[in-house]
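The values are calculated or read from the model by the stated rules, or taken from the named source; none is laboratory data. A quick note: this is a predicted structure, and the numbers were derived from the prediction, not measured. All Cβ positions, glycine included, derive from the backbone under ideal geometry; neighbour counts span all protein chains shown. SASA here: full protein model, heavy atoms, side chains in, ligands and nucleic acids out. Shrake-Rupley method; radii C 1.70, N 1.55, O 1.52, S 1.80 Å.
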Amino acid sequence: MRHLSYLAVLVFVVIGSGWLEVFLRVRVYRRWKRLLLALAPTVVIFVAWDLAAIAADHWTFDFGQMTGVRFGPLPLEELLFFLVVPVAAILSFEAVRKVTQWKAGDE
(Lines give C-alpha, C1' and ligand atoms only; values in the text may rest on other atoms or scores of the structure.)
Protein backbone atom coordinates (compact mmCIF):
# COMPACT_ATOMS: atom_id res chain seq x y z
CA MET A 1 0.00 0.00 0.00
CA ARG A 2 2.98 2.32 0.38
CA HIS A 3 2.99 2.81 -3.40
CA LEU A 4 -0.35 4.64 -3.08
CA SER A 5 0.80 7.17 -0.46
CA TYR A 6 1.11 10.18 -2.75
CA LEU A 7 -2.13 9.33 -4.52
CA ALA A 8 -3.89 9.05 -1.13
CA VAL A 9 -2.84 12.60 -0.24
CA LEU A 10 -4.34 13.85 -3.50
CA VAL A 11 -7.58 11.95 -2.79
CA PHE A 12 -7.80 13.64 0.62
CA VAL A 13 -7.33 17.04 -1.03
CA VAL A 14 -10.15 16.25 -3.47
CA ILE A 15 -12.42 15.09 -0.65
CA GLY A 16 -11.49 18.07 1.50
CA SER A 17 -12.39 20.62 -1.15
CA GLY A 18 -14.82 18.78 -3.43
CA TRP A 19 -17.76 19.14 -1.06
CA LEU A 20 -17.64 22.90 -1.57
CA GLU A 21 -18.90 22.47 -5.13
CA VAL A 22 -21.80 20.28 -4.02
CA PHE A 23 -22.98 21.90 -0.80
CA LEU A 24 -22.11 25.55 -1.33
CA ARG A 25 -22.78 25.43 -5.07
CA VAL A 26 -19.76 27.53 -5.97
CA ARG A 27 -20.13 26.51 -9.64
CA VAL A 28 -16.43 26.09 -10.36
CA TYR A 29 -16.98 22.98 -12.48
CA ARG A 30 -19.92 24.51 -14.36
CA ARG A 31 -17.64 27.32 -15.50
CA TRP A 32 -15.19 24.84 -17.03
CA LYS A 33 -13.74 27.26 -19.60
CA ARG A 34 -12.81 29.66 -16.83
CA LEU A 35 -11.33 26.80 -14.81
CA LEU A 36 -9.25 25.64 -17.78
CA LEU A 37 -7.98 29.19 -18.33
CA ALA A 38 -6.83 29.26 -14.72
CA LEU A 39 -5.27 25.79 -14.82
CA ALA A 40 -3.47 25.94 -18.19
CA PRO A 41 -0.68 28.37 -17.25
CA THR A 42 -0.25 26.72 -13.85
CA VAL A 43 0.18 23.26 -15.33
CA VAL A 44 2.48 24.43 -18.12
CA ILE A 45 4.75 26.46 -15.83
CA PHE A 46 5.05 23.81 -13.12
CA VAL A 47 5.59 20.94 -15.56
CA ALA A 48 8.36 22.96 -17.22
CA TRP A 49 9.80 23.79 -13.78
CA ASP A 50 9.76 20.13 -12.73
CA LEU A 51 11.33 18.95 -15.99
CA ALA A 52 14.12 21.52 -15.63
CA ALA A 53 14.72 20.58 -11.99
CA ILE A 54 14.77 16.86 -12.82
CA ALA A 55 17.18 17.40 -15.70
CA ALA A 56 19.50 19.38 -13.40
CA ASP A 57 19.30 16.68 -10.70
CA HIS A 58 17.77 19.16 -8.26
CA TRP A 59 14.51 17.24 -7.92
CA THR A 60 13.74 13.58 -7.41
CA PHE A 61 10.75 11.45 -6.46
CA ASP A 62 10.34 8.57 -4.05
CA PHE A 63 8.92 6.08 -6.51
CA GLY A 64 8.31 3.65 -3.66
CA GLN A 65 5.36 5.87 -2.68
CA MET A 66 3.97 6.19 -6.20
CA THR A 67 2.03 4.00 -8.61
CA GLY A 68 4.89 3.78 -11.10
CA VAL A 69 2.91 5.34 -13.95
CA ARG A 70 5.06 7.96 -15.64
CA PHE A 71 4.79 10.48 -18.42
CA GLY A 72 8.42 10.84 -19.39
CA PRO A 73 10.30 11.63 -16.19
CA LEU A 74 7.17 12.89 -14.42
CA PRO A 75 5.09 10.52 -12.32
CA LEU A 76 1.31 10.51 -12.68
CA GLU A 77 0.90 11.80 -9.14
CA GLU A 78 3.01 14.88 -9.86
CA LEU A 79 0.87 15.77 -12.86
CA LEU A 80 -2.29 15.20 -10.84
CA PHE A 81 -0.85 17.45 -8.12
CA PHE A 82 -0.68 20.30 -10.64
CA LEU A 83 -4.39 19.86 -11.31
CA VAL A 84 -5.81 18.88 -7.92
CA VAL A 85 -4.18 21.53 -5.74
CA PRO A 86 -5.08 24.54 -7.95
CA VAL A 87 -8.67 23.28 -8.30
CA ALA A 88 -8.86 22.92 -4.50
CA ALA A 89 -7.56 26.49 -4.13
CA ILE A 90 -10.10 27.83 -6.62
CA LEU A 91 -12.91 25.93 -4.89
CA SER A 92 -11.82 27.36 -1.56
CA PHE A 93 -11.58 30.89 -2.95
CA GLU A 94 -15.02 30.66 -4.52
CA ALA A 95 -16.45 29.21 -1.30
CA VAL A 96 -15.13 32.18 0.69
CA ARG A 97 -16.59 34.53 -1.90
CA LYS A 98 -19.95 32.79 -1.69
CA VAL A 99 -20.13 32.76 2.10
CA THR A 100 -18.89 36.32 2.61
CA GLN A 101 -20.57 37.67 -0.57
CA TRP A 102 -17.24 39.24 -1.40
CA LYS A 103 -16.96 40.70 -4.88
CA ALA A 104 -13.73 39.98 -6.71
CA GLY A 105 -14.46 42.16 -9.74
CA ASP A 106 -15.32 39.44 -12.23
CA GLU A 107 -19.08 39.31 -11.69
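General observations
- Here V13 does not fit the description of being under 14 Å from the mean Cα position of the chain (by Cα), outside any helix (DSSP H, G or I) and surrounded by 13 or more Cβ atoms within 10 Å (Cβ to Cβ).
- For the range 82-94, the tally of residues that are open to solvent by less than 80 Å² (accessible area, probe 1.4 Å) and aromatic (F, W, Y) stands at 1.
- Annotation note: of R70, R97, the sole residue that is of a type in the set (D, E, K, R) and open to solvent by less than 80 Å² (accessible area, probe 1.4 Å) is R97.
- Candidates T42, T67, T60, filtered to the one that is modelled with pLDDT of 90 or more, among the polar types (S, T, N, Q) and not in a helix (DSSP H, G or I): T67
Yes or no, residue by residue, for (1) under 10 Å from the mean Cα position of the chain (by Cα); (2) of a type in the set (F, W, Y); (3) more than 19 Å from L10 (Cβ to Cβ):
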position: D62; (1), (2), (3): no, no, no
position: G68; (1), (2), (3): no, no, no
position: G72; (1), (2), (3): no, no, yes
position: V85; (1), (2), (3): yes, no, no
position: W102; (1), (2), (3): no, yes, yes
position: G105; (1), (2), (3): no, no, yes
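- Taking the range 70-107 as the range and being part of a loop (DSSP other than H, G, I, E, B) and closer than 21 Å to Y6 by Cβ as the test, the residues that pass are G72, P73.
- Residue pairs whose Cβ atoms lie under 9 Å apart, sitting 6 or more positions apart in sequence or on different chains, and linking a residue in the range 70-81 that is closer than 19 Å to A56 by Cβ to a partner that is open to solvent by 60 Å² or more (accessible area, probe 1.4 Å) and in a helix (DSSP H, G or I), are R70/F63; G72/L51; P73/L51; P73/A55; L74/L51; P75/F63; E78/F46.
- Residue count, the range 50-66 (criterion: loosely packed, with under 14 Cβ neighbours inside 10 Å and acidic (D, E)): 2
- Taking the range 19-31 as the range and being part of a helix (DSSP H, G or I) and surrounded by 10 or more Cβ atoms within 10 Å (Cβ to Cβ) as the test, the residues that pass are W19, L20, E21.
- Pairs where the first residue, in the range 4-28, is of a type in the set (D, E) and the second is open to solvent by 50 Å² or more (accessible area, probe 1.4 Å) and part of a loop (DSSP other than H, G, I, E, B), C-beta under 9 Å, 6+ apart: E21/R27; E21/Y29; E21/R30
- Filtered by the rule that a residue be over 19 Å from V11 (Cβ atoms) and either in contact with a Cys (Cβ under 9 Å, 6 or more places away or on another chain) or of a type in the set (S, T, Y) (or both), the range 87-100 gives a lone residue, T100.
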